[in-house]
Every structure is written in structure tokens, then in C-alpha cells.
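Encoded as C-alpha cells, the structure appears first; notes follow it.
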Amino acid sequence: MKIKINNKNYKAEEGELIYDVCKRNKIKIPTLCSTPKIHEGLCRICVVENGGRLITSCNTKVSEGMEIMTESEKISKARRINLELLWADHAGKCVTCKKNRRCELQNLAEDQKIENFHFIPRKEEMTGKEELDLLKDNRSRVVVDEGNLAISRTTELCVECRRCINTCPTKEFGFNNRAGDVVVGTPYEKPLDCIFCGQCVKNCPTGAITDQNNLSKIIGQLDDLKKMAVALVDPAILETIIFEQPEIDSKEKLIGVLEAIGFEKVFDLEFGMELALQKMTEQIKNSGKNNLMLSHCPSFNLFIEKYYPQFKSNILDVDNPDELLAEFIKNQYASEQKINPADIVVISVSSCIAKKINKSQNLDYVITVRELGRIIWQKNINLKKSKNSDFGKELAVKDEKAKNITRTGGAAEIIAKKIRAKYIVADGVSQIKKVLGDLSKNRIETKIIECMICPGGCVKGGGQARKL
């Protein structure tokens with residue numbers, strides 16, 4: 001069928017959404033609540049005009065003869081009012097927010113030139129009692145959760161877009177309370193205790209759900225002249241670092257920036273991936289058991305522990321690549337270079353949030369692509385002047401195929417070829433549940449099972465940057 005958008009004819013398929021047709025034809029429509037697969041129409045920022053009537057584009061299907069306008073005075077006014085309503089709870093909090101300069105709400109407010117905040121109470125217009133009552137009311141509904149090592153939550157900055165609800169693979173989030181008191185949270189507001197895949201953090205448009213870390217302490221370690229800071233670079237982050245920092249457009253540029261912020265050595269995590277592959281291959285080769293599960297996805301290990309404990313013994317007893325490489329650096333490498341291991345700080349720049357939960361005594365910190373961006377911003381690094389560099393040659397990678405471990409099925413394929421074994425893979429929670437269901441009913445008999453929680457593997461991990 002054909003529809004008109006901004007007075008031009010475009011092809012559209014039956015059942016297709018207006019928003020998707022516009023996106024495919026590079027017609028920009030702002031939104032806060034939509035994800036690639038789920039469109040809620042909650043934020044009302046995506047409104048367009050059809051025959052003079054305002055409709056939400058992200059959940060309205062096209063029909064023959066539609067005449068859509070994506071920009072008009074009426075549309076602009078509606079978007080601005082909706083943005084001001086959402087912004088009312090955020091005004092004045094940007095400076096201390098972890099998402100400052102990477103917040104979708106903030107970016108939209110700037111794009112729409114939101115300057116007059118009609119829905120924010122003015123102190124001069126309120127009595128002292130009214131101000132105190134308002135403050136008490138606001139604080140009574142705020143829930144702060146920092147009870148784990150991976151994810152920090154605060155309902156104070158939540159815009160109730162449902163992205164966390166829609167993207168969480170284990171459905172940890174929902175709505176609590178009713179009417180004006182409704183907030184997004186966990187059941188009974190219990191501390192978050194999940195598989196920490198981080199998809200909620202990756203997709204949250206504001207600072208309501210963020211990475212958990214003490215960045216000031218990490219920056220202090222980077223600036224400490226008595227410490228040798230070592231970065232382990234996950235090859236998966238090379239696919240999204242440009243979304244966080246557009247100036248970092250190559251591996252060499254990234255390594256140069258890491259050296260500029262204070263890392264003395266930058267190593268390729270592929271070396272750790274080789275170590276993990278060797279250990280997993282050896283264990284599988286020497287085991288008489290079948291249905292052995294690879295252990296390099298921390299979220300999958302937590303998933304088994306929480307929901308399918310009967311299969312815990314199937315998981316190989318091998319640390320993840322970051323921990324293995326950190327152990328190698330603080331032992332063998334430190335001995336060879338005559339460095340006191342206590343003076344080495346190992347920091348993994350990772351695509352995985354769950355690694356923060358189970359990091360060993362050798363791996364000091366795990367930071368995500370977003371956290372790296374905040375460190376660059378806090379240290380005021382001039383990215384344009386940063387030089388290109390390369391990985392430390394002391395830990396050379398023998399087989400570049402090891403980087404395939406960042407994708408679902410990559411590790412299983414490498415190991416299976418070496419020992420001539422059968423394997424199956426599962427991509428994302430829905431596929432994993434099917435495999436584990438079949439395994440429970442003895443419908444599966446194979447040597448290797450590789451499962452990764454994030455669809456596609458680490459390349460789509462929760463620690464990656466999201467294109468805005």
C-alpha cells in the first residue's frame with residue numbers, strides 16, 4: 001500500500017507501524033518508550049498528525065490513504081507539553097546524574113528547546129508548609145536500590161517508559177502501587193536479585209537504572225603513581241564504543257584513549273579467551289559426561305543457579321576470560337616483569353555487567369562501555385588529540401578465532417572441532433528455556449551445550465553502549 005508522509009508518497013506493508021515506516025525512510029520521530037521490538041505509546045513524544053488528529057506513531061498501524069505529518073505547530077506543542085511533564089521530576093538533577101550528556105530525556109529537551117518549565121512548582125509561589133509537604137510526598141515514593149555489585153536503581157529519575165519491563169528476559173520489573181503513586185520496581189520493592197544481564201541498564205533512557213561502580217575510586221587508582229593500571233579490552237566493545245564516543249572509531253584509537261586516561265598497559269582479552277578455551281577443552285576432553293555446559297557467560301551461570309539448580313553440575317568449573325587473564329597478569333606476568341602483584345590494578349573494559357558480581361581477587365574492577373565514557377568525560381580527555389596505539393605485545397594471541405567467543409556458538413564450535421564432538425547452542429532466554437526443558441525430559445544427548453543470555457552473545461551485552 002501507499003501512504004503519504006509529509007506530502008510525499010511511501011510504500012508500506014499491511015500491519016506495519018507508522019513509526020517503523022518513518023524510521024525505514026530516515027524520517028526522524030522522537031520517542032522515549034520504544035525499543036526495536038516493542039512499542040508502547042506511553043511517553044506520547046512520538047505523536048504525529050493524521051488528518052488533523054494527533055496519534056502516537058509507535059503503536060498505530062498504517063492504513064491505505066493515510067496522510068501523515070511528522071512536524072507541525074500542533075505536533076510541536078504536544079511534544080513539548082509531554083516533555084515538560086516528564087522533565088518536571090528531573091529539573092536540576094542533571095549535573096550529578098550518571099547519565100548526564102547520554103540521557104535521552106535530556107537530549108530531547110534540548111532538541112525541543114524546553115526552557116520554560118510550567119509544571120515545576122516555583123518556590124516563591126509556595127508557602128513553607130506546601131514546600132515541605134511536596135518534598136515529603138516526592139521522597140515517600142522514591143526507592144533507591146544499591147544492594148548488589150552490578151546495577152544501581154532510583155525511581156526518582158524514572159519516566160515509567162516500561163523499557164526495563166519489556167527488555168528484562170526474566171521479568172524482574174513491574175508496576176507497584178496505583179494511580180499517582182505508581183512506580184516501576186521489583187516485586188514488593190525487594191533488592192534486585194537477578195541474572196544481571198544488564199539489558200535494563202542498556203535500554204533505560206534516563207539515569208533511573210545505571211551501572212554500579214565507584215568511579216571516583218577507580219579514577220584514583222588510575223592517577224596513583226605507585227600503581228600500575230592494566231586494562232583488559234573485550235573485543236566485543238569495539239562494535240559499540242563509537243555510540244558512546246563517536247571520536248573513537250578504531251581499536252588503535254581506543255587503546256590510545258585508555259593510555260591517555262592513565263592505563264600503563266592495555267591487553268587484548270583474546271589472550272584470556274584462549275586460556276578459557278584451553279581449560280574448557282581440556283575438561284570436556286577428560287570428562288566422560290555428556291551435556292556439559294560452557295561457563296564463559298556469567299549471566300547464564302546465574303540463570304542456572306537461580307532457576308535450574310539441577311543442572312549446576314553440568315557447568316564446567318572454569319573462570320571467565322577476564323578472571324583468568326587477571327590471574328595470569330598478577331602471577332606469571334608480574335613475576336617475569338619483576339613487579340609486585342599488589343602494585344598492579346587490573347580493570348576489565350567489558351560488554352558484560354554480570355562479571356561485576358563474580359569477579360575474583362585478581363580482577364580488581366569491571367567497567368562497561370558507558371562507565372568508560374564517564375571516566376573520559378570526568379578526566380576531560382581531548383579525544384581528538386589522543387594518539388593511536390596498540391595492545392601490549394607481551395601477551396600475544398596465537399589464534400584470532402578466540403574472539404568468536406563473544407558470539408553465541410563461537411566457543412562451542414571451536415572446541416567441538418578440536419575434539420570432534422557434537423554441540424548445540426541457545427541464543428537468549430527463550431531458546432535457553434527450550435533447551436533446558438528438552439534436557440529435563442532427556443530429549444537431548446550431546447557433548448557440549450553453549451548458552452548465552454544476551455541475544456547474539458557479548459556483542460549485544462548489557463554493558464554495551466546503545467545507539468541513541
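The values are calculated or read from the model by the stated rules, or taken from the named source; none is laboratory data. Note that this is a predicted model, so its numbers are computed, not measured. Here the Cβ is made from the backbone with ideal geometry for all residues, glycine too, and neighbour counts use every protein chain on show.
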Take Phe196 and tell me if it is buried (at least 24 other Cβ atoms within 10 Å of the Cβ), of a type in the set (Phe, Trp, Tyr) and outside the structural domain of Leu32 (by TED's automatic domain parsing).
yes
Just to check your reading of the model, which residue among Lys202, Lys217 is in the same structural domain as Arg153 (by TED's automatic domain parsing), out of contact with any Phe, Trp or Tyr (no Cβ under 7 Å at 6 or more places or on another chain) and part of a helix (DSSP H, G or I)?
Lys202
Count of the range 364-395 residues which are buried (at least 17 other Cβ atoms within 10 Å of the Cβ), within 29 Å of Lys338 (Cα to Cα) and among the acidic types (Asp, Glu):
1
Scanning the range 248-260 for residues that are of a type outside the set (Gly, Ala, Ser) and surrounded by fewer than 21 Cβ atoms within 10 Å (Cβ to Cβ) gives Asp249, Lys251, Glu252, Lys253, Glu259
Just to be sure, is Gln212 farther than 26 Å from Lys433 by Cα, touching a residue at least 40 places away in the same chain (Cβ under 8 Å) and surrounded by 13 or more Cβ atoms within 10 Å (Cβ to Cβ)?
yes
Is it true that Ser360 is of a type in the set (Gly, Ala, Ser), farther than 21 Å from Ala260 by Cα and part of a helix (DSSP H, G or I)?
no
For Val346, indicate whether it is crowded, with 24+ Cβ neighbours inside 10 Å, in contact with an Asp or Glu (Cβ under 6 Å, 6 or more places away or on another chain), of a type outside the set (Gly, Ala, Ser) and outside any loop (DSSP other than H, G, I, E, B).
yes
Positions within the range 220-275 being touching a Leu at 6+ places or on another chain (Cβ under 8 Å), more than 20 Å from Val397 (Cα to Cα) and assigned to a strand (DSSP E or B), in sequence order:
Ala229
For the range 297-304, state whether one or more residues are surrounded by fewer than 24 Cβ atoms within 10 Å (Cβ to Cβ), at pLDDT 95 or above and either in contact with a Leu (Cβ under 6 Å, 6 or more places away or on another chain) or small (Gly, Ala, Ser) (or both).
no
Residue list for the range 425-443, filter: buried (at least 19 other Cβ atoms within 10 Å of the Cβ) and either among the small types (Gly, Ala, Ser) or part of a strand (DSSP E or B) (or both):
Val425, Ala426, Asp427
Pairs returned, first residue in the range 439-468 that is under 15 Å from Ile195 (Cα atoms), second residue that is charged (D, E, K, R) and buried (at least 24 other Cβ atoms within 10 Å of the Cβ), beta-carbon separation under 7 angstrom, 6 or more apart or interchain, are Cys458/Asp234; Gly462/Lys202
Quick test for you: out of Ile329, Ile284, Ile304, pick the one residue that is out of contact with any helix residue (DSSP H, G or I) (no Cβ under 8 Å at 6 or more places or on another chain) and among the β-branched types (Val, Ile, Thr).
Ile329
May I ask you to verify whether Lys398 is in a helix (DSSP H, G or I), surrounded by fewer than 19 Cβ atoms within 10 Å (Cβ to Cβ) and of a type outside the set (Asp, Glu)?
no
